[in-house]
1. Listing 325, 10 from the residue with the fewest other Cβ atoms within 10 Å to the one with the most, what is the order?
2. With θ set to phi - 60° and the Karplus curve 6.51 cos²θ - 1.76 cosθ + 1.60, what are the ³J(HN,Hα) couplings of the range 300-316 in order, to the nearest whole Hz, using x for Gly and Pro?
3. Going toward the positive end of the dipole of the range 38-172, with +1 on Lys and Arg Cβ and -1 on Asp and Glu Cβ, which of 115, 44, 144 do you reach last?
4. Over the Cα atoms of the range 259-411, how large are the radius of gyration and the largest Cα-Cα distance (Dmax), in Å?
5. Can you work out ³J(HN,Hα) from phi for every residue in the range 31-36, in order, using Karplus 6.51 cos²θ - 1.76 cosθ + 1.60 and θ = phi - 60°, giving whole Hz and x for Gly and Pro?
6. How big is the charge dipole of the range 73-215 about its Cα centre, in debye rounded to the nearest 20, if each Lys and Arg gets +1 on its Cβ and each Asp and Glu gets -1 on its Cβ?
7. Nearest-5 percent of antiparallel DSSP beta bridges in the chain?
8. Pulled fully out, how much extra length does the chain show between residue 399 and residue 385, if you take 0.36 nm times their separation in residues and subtract their Cα-Cα distance?
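Every read-out reported here was derived from the displayed coordinates using simple, explicitly stated rules and does not represent laboratory data. Please read these numbers as outputs of a predicted model, since none were measured by experiment. As a convention, Cβ positions derive from the backbone with ideal geometry for all residues, glycine included, and neighbour counts pool all protein chains shown.
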Amino acid sequence: MKLRSVRGTHDVYGEDITKYKLIENIVRKKAELNSFNKLETPIFEFTELFAKPLGEQSDVVLKEMYTFEDRNQEKLTLRPEYTTPMIRAAITNNLLNELPLKIFGLGPMFRRERPQKGRYRQFNQINFEIFGSNDFMADLELIIIGNEILETILPNSNFILNLNTLGQKNNLTNYKTKLGNYFKDKKEKLSDESKEKIETNPLRILDSKNEKDIIISNGAPTLQEFISIEEKNHFSDIKKGLDFLNIKYVENNKLVRGLDYYCSTVFEFKTSELGSQDTILGGGRYDGLIGTLGGPDIPGVGWAAGIERIAMLMEPNINNLIKVHIAISDKKYNSHLQKVMNILRKNNIHFYWNYKYNIKKSLSKADSNNINYIIIIGEDEFNNNYYSVRDLNTGQQSQFKENEIIKYLND
Ligand code: HAM
């Protein structure tokens, strides 16, 4: 048997581990500062949790869910997204007594999509949700947190916030009917993929990237006339809030999102640096969804971001911990080595030693790109009870007593 990984999955190691850790730390910190509590859910749920809310005719439900039958004939699905499991957990654990509920989570999701750059069958998401508020401030707060997280992790990347409003659910349903009729008349001119969506979700034809579809979509009725004054005000309040904070955005009336549960505000942070999988973070309102799933009739809003996509945009060598490589010339000086390792460990200094009792061999194995200092232990260092420390940035080598090393490394 040829050993291989499952198509569309990837292992995480080396620099990616450092990047994922950094992302997680920043997310955790921002969540804490904004009073979002962590909620972890299992990676599988009953299939029915996903099928209806995400859209029985949506790509995710029709083609992409990993569904299997348990030994007792119950149908289970590996979670393709986090919002519905979060709602399920809030309902089954009685967390909706005190509103609003602000929660976040990180973890793996599963979708059987066609793998390509930035698109995997197992990928990791960061997820933020607010249950129980229809105030525009909730939408705004979530967008601001998303923006801050991305700006902190990706200070040198170009990403831009795309915004749209879909109006309330009943208005959206009326619009979908009108849009469906329009596309039915032009069916022959659409791509095969879009033809299939006329009956199921004509909204999705609007964000097709196919040239033929774009030409037809340009003449389609717009959602604008279906949107109520209240919705328009809600949307313009969000935009005012963003202007106030100088957060740049573009209004994109083709933005409809891929899952069926959305209404009202929808948004995505997009970049031109990732090719066709250009959305780093996406979300919006899903008023009505919590009620549909058996909870109270309260509104909800949230977003999710792809950790793999964020990591791809991060600079290499983001690890700025002090990295110390220890080189020793002979086993005879082992006690001197143990002493310095102990000091480094106690002071949380990141160090590495490769069990070689030979300075040259030890250093030849060292990955010098990632190392800031080398501590050298030889005969003279052992006999006179000091350590030589070479700063690889300056090339300078100095001698230190045991109790001076930490101060030097930390300065
Ligand atoms: P989504 O747009 O399906 O939304 O996914 C959110 C993000 O997850 C995407 O923007 C992308 O960064 C990442 N992502 C999605 N699929 C893949 C994949 N196959 N490989 C790698 N990354 C991927 C949701 O999942 C909604 N639940 C978001 C939400 C939360 N809406 C309200 N609350």
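1. Numbers: 325 23, 10 14.
Listing 325, 10 from fewest to most nearby Cβ atoms yields 10, 325.
2. Taking θ as phi minus 60°, the curve returns x, 8, x, 8, 9, 10, x, 5, 4, 5, 5, 4, 5, 8, 6, 5, x Hz for the range 300-316.
3. The residue sitting most towards the positive pole is 115.
4. Considering the range 259-411 through its Cα atoms, Rg and Dmax are 26.1, 77 Å.
5. 5, 4, 4, 9, 6, 9
6. Values: 22 positive and 19 negative charges, 157 e Å.
Charge dipole of the range 73-215: 760 debye, to the nearest 20.
7. Values: 50 of 63 bridges.
The antiparallel fraction comes to roughly 80 percent.
8. On the way: separation 14, 0.36 × 14 = 5.04 nm, distance 1.01 nm.
Full extension of this stretch gives 4.0 nm more.
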